[in-house]
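Asks: Handing you a structure now.
Here, each number is a calculation from the coordinates, and none is a lab measurement. All figures in this text were calculated on a predicted structure; none of them were measured in a lab. Positions of Cβ are backbone-derived with ideal geometry, glycine not excepted, and every protein chain shown enters the neighbour counts.
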Amino acid sequence: MSSTDYRARRATLAARMGRTGVAIIPTAPEQMRNRDSDFPYRHDSYFHYLCGFTEPRAWLVIHGDGRSTLFCQPKDLEREIWDGYRLGPADAPARLGLDAAHSVTDIDSQMPRLLDGSETVWFPFGIHKGLEARVEGWLASVRGRARAGALCPQQQRDLCGPLDEMRLFKDATELDTMRRAAAISAGAHVRAMQECARRLRAGEDVREYHLDAELLHEFRRHGSQFPAYGSIVAAGANACVLHYRADAAPVRDGELVLIDAGCELDGYASDITRTFPANGRFSPAQRQLYDLVLASQDAAVAATRPGARFNDPHDASVQVLAQGMLDLGLLDRNKVGSVQDVIEQRAYFPFYMHRTSHWLGMDVHDCGSYLEPDELAQATPRRDPLSGDTVIHRPARVLRPGMVLTIEPGLYVRPAPGVPERFHGIGIRIEDDAVVTGGGCELITRGVPVQADAIEALMRG
């Protein structure tokens, strides 16, 4: 991204705020890990989206007329010896395409001046601890100069609203970065699959953390800055724990391994899940469940197209899964009835308890409303068949080109009365990243195979 691209984003946001608005966006704080050791620093996504600046302790102010001011750390040669190079306020305007920059140590004295004369102050609600109190302090300072002619903003509005809409639609540069992140992540999954089979064939001990290490190695050697989230590497029955983290459990011959992992590249996430046989060959029972989940993903992919609703891929996936659960005996027809009964009563929930999709972008669970903005008034109460609670249904978001979402159905079979024993302890999820296009969707993560035969062939290699 160039400074011109970030300037265009700020201009778009300013136009949506109106000329009498002013926006305040802080970056993320540094987080202490223990004593004097910090976690690796990662900027705030909203902040980075608008200026591309990656240093901590920075703030961005955008006026409705398009002017922008950065507050950042001052140059400090002694601290730079310890903590690294700082851009500094003097060089920031030219480098980042901003109108002005000040030391962050001056923010309390400068901010009331920047707020004076505006009608509305915009900032992200509920994200940065203490931000509301900080803004109130600056506003109080403006009010204190009312007799001298200062004009204090009378409204406070959530900046996440307009920014979420902007971030929901990815431009060509963003999509290029996401495709590169997806390619790196796909290569990491391939590496983990092949290494797992190789080590088992050689009679070596294989642990979940061994495969996690392969993922991290592949991410970093191709330029990814971080994993996009904590990798899930789940051997055997651990795959039935949805947010399981890679641990020390052994990977055993004859079991499945579920890996849910993706890298972050230049601020953008990827998100892939594959489930594969540790030894490179599916058992008959594993293959039955795997093929069912894959068929449900195929149905969801076919439903992901412009003009469809966000819920349509999930509904298509559930339709296939529900039929398969009846056919394979996971659900008893005499107890749960027809496919439609299974769906209406959510009888599938013990085996499939999450949604099929989420937005993807700078954050792995990216921002953006899942409801259609122009149809929020169409609210219909209905009873949830499992909890008995009354929930409000509103029309789901219409899919449009430039949106990016995951497609990730799964099946998780815990031992239970009436559940065929051959399926006990099997957890399967298949996840790909989909870009909505003019004629359907583009799966950008298929650099790692998904068909069972192709996975087996890869792991023999």
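Asks: For region 24-80, what's the relative contact order in percent, using C-alpha pairs closer than 8 Å and at least 6 residues apart? Each step should come with its number before you reach the end.
Replies: On the way: 74 pairs, mean separation 18.1, N = 57.
With pairs under 8 Å counted, the relative contact order is 32 percent.
Asks: I would also like to ask the following. Between the alpha-carbon centers of region 125-151 and region 376-411, tell me the distance in whole angstrom.
Replies: So the separation of the two Cα centres works out to 38 Å.
Asks: Something else now. Quick one: what do you get for region 173-313 if you divide its Cα Rg by 2.2 N^0.38 Å? Before the final figure, lay out the partial values.
Replies: Working: Rg = 16.0 Å, N = 141, 2.2 N^0.38 = 14.4 Å.
Expressed relative to 2.2 N^0.38 Å, the Cα Rg reads 1.11.
Asks: Defining a contact as two alpha carbons under 8 Å apart and six or more residues distant in sequence, what relative contact order in percent does the chain show? Please list the in-between numbers first.
Replies: Numbers: 926 pairs, mean separation 61.4, N = 461.
Over the chain, the number comes to 13 percent.
Asks: With the contact rule set at Cα under 8 Å and sequence spacing of 6 or more, what percent relative contact order holds for region 106-209? If you can, show how the numbers build up before the last one.
Replies: On the way: 66 pairs, mean separation 27.8, N = 104.
With pairs under 8 Å counted, the relative contact order is 27 percent.
Asks: Now for a different question. Relative to the compact globular guide of 2.2 N^0.38 Å, what is the alpha carbon radius of gyration of region 56-124, as a ratio? Please report the intermediate quantities before stating the final value.
Replies: Details: Rg = 13.2 Å, N = 69, 2.2 N^0.38 = 11.0 Å.
My calculation over the Cα atoms of region 56-124 gives 1.20.
Asks: Work through the residues other than GLU218 whose Cβ is under 13 Å from its Cβ and net out their charges, Lys, Arg +1 and Asp, Glu -1. Please list the in-between numbers first.
Replies: Working: positive: ARG191, ARG220, ARG221; negative: GLU195, ASP212, GLU214.
Net charge in that neighbourhood comes out at 0.
Asks: At a 10 Å Cβ-Cβ cut-off, how would you order SER103, SER224, fewest neighbours first? Let's see the in-between values first.
Replies: Working: SER103 15, SER224 22.
Ascending Cβ contact count within 10 Å gives the list SER103, SER224.
Asks: Computed from these coordinates, which is volume of the Cα convex hull per residue in Å³: (1) 178; (2) 446; (3) 148?
Replies: (1)
Asks: Rank these for me by crowding, LEU96, LEU321, going from fewest to most other beta carbons within 10 Å.
Replies: Working: LEU96 19, LEU321 27.
In increasing order of surrounding Cβ atoms, one gets LEU96, LEU321.
Asks: Would you mind checking which residues have amide H under 5 Å from ASP266's amide H? H placed 1.01 Å from N; only 5 or more apart, or other chain.
Replies: Close amide H contacts, sequence-distant or interchain: GLN225.
Asks: To continue, here is another question. Give the aspartates and glutamates whose C-alpha is closer than 14 Å to that of LYS129, dropping any in the same chain fewer than 8 places away, or say none.
Replies: Result set, ordered by chain and number: GLU30, ASP44.
Asks: Express the C-alpha Rg of region 40-184 as a ratio against the empirical globular expectation 2.2 N^0.38 Å, rounded to two decimals.
Replies: Details: Rg = 17.2 Å, N = 145, 2.2 N^0.38 = 14.6 Å.
For region 40-184, the normalised Cα radius of gyration comes out at 1.18.
Asks: Would you calculate a helix-derived [θ] at 222 nm for the chain, using -39,500 (n - 2.57) for each DSSP H run of n ≥ 4 and dividing by the full residue count, to the nearest 500?
Replies: Details: 14 runs with 164 residues, N = 461.
About -11000 deg cm²/dmol.
Asks: Quick check: net charge around THR20, other residues with Cβ under 15 Å of its Cβ, Lys/Arg +1 and Asp/Glu -1?
Replies: Details: positive: ARG16, ARG19, ARG67, ARG157; negative: ASP65, ASP116, GLU119.
Around THR20, the surrounding residues sum to +1.
Asks: Calculate one ³J(HN,Hα) per residue across region 32-48 by plugging θ = phi - 60° into the Karplus curve 6.51 cos²θ - 1.76 cosθ + 1.60, and present them in order as whole Hz with x for glycine and proline.
Replies: 6, 7, 5, 6, 9, 10, 9, 5, x, 6, 9, 5, 6, 5, 4, 4, 5
Asks: So how do GLU55, GLU119, GLU78 line up by other beta-carbon neighbours within 10 Å, fewest first?
Replies: Working: GLU55 19, GLU119 15, GLU78 7.
Arranged by neighbour count, lowest to highest, GLU55, GLU119, GLU78 become GLU78, GLU119, GLU55.
Asks: Additional query: How big is region 341-399 by Rg and Dmax over its Cα atoms, in Å?
Replies: In Å, with Rg to one decimal and Dmax whole: 14.1, 39.
Asks: Mind checking region 42-115 for chymotrypsin sites (Phe, Trp or Tyr not before Pro) that DSSP puts in a loop (not H, G, I, E or B) and that have at most 13 other Cβ atoms within 10 Å?
Replies: Values: sites: TYR46, PHE47, TYR49, PHE53, TRP59, PHE71, TRP82, TYR85; in loops: PHE53, TYR85.
When the chymotrypsin sites (Phe, Trp or Tyr not before Pro) of region 42-115 are filtered for loop state and at most 13 Cβ neighbours within 10 Å, TYR85 remain.
Asks: Charges at C-beta only: +1 for Lys and Arg, -1 for Asp and Glu. How large is the resulting dipole of region 221-317 about its Cα centre, in Debye rounded to 20? Could the numbers behind the result be given before it?
Replies: Details: 8 positive and 11 negative charges, 35 e Å.
In debye, rounded to 20, region 221-317 gives about 160.
Asks: Return the sequence-ordered ³J(HN,Hα) values of region 422-436 in whole Hz as given by the Karplus equation 6.51 cos²θ - 1.76 cosθ + 1.60 applied to θ = phi - 60°, using x for Gly and Pro.
Replies: Computed from phi, the couplings for region 422-436 are 5, 9, 4, x, 9, x, 9, 9, 10, 9, 10, 9, 10, 9, 6 Hz.
Asks: Pop out the ³J(HN,Hα) list for region 186-196 in order, Karplus 6.51 cos²θ - 1.76 cosθ + 1.60 with θ = phi - 60°, rounded to Hz; leave Gly and Pro as x.
Replies: Rounded to whole hertz, the list is 4, x, 5, 5, 4, 4, 5, 4, 5, 5, 4.
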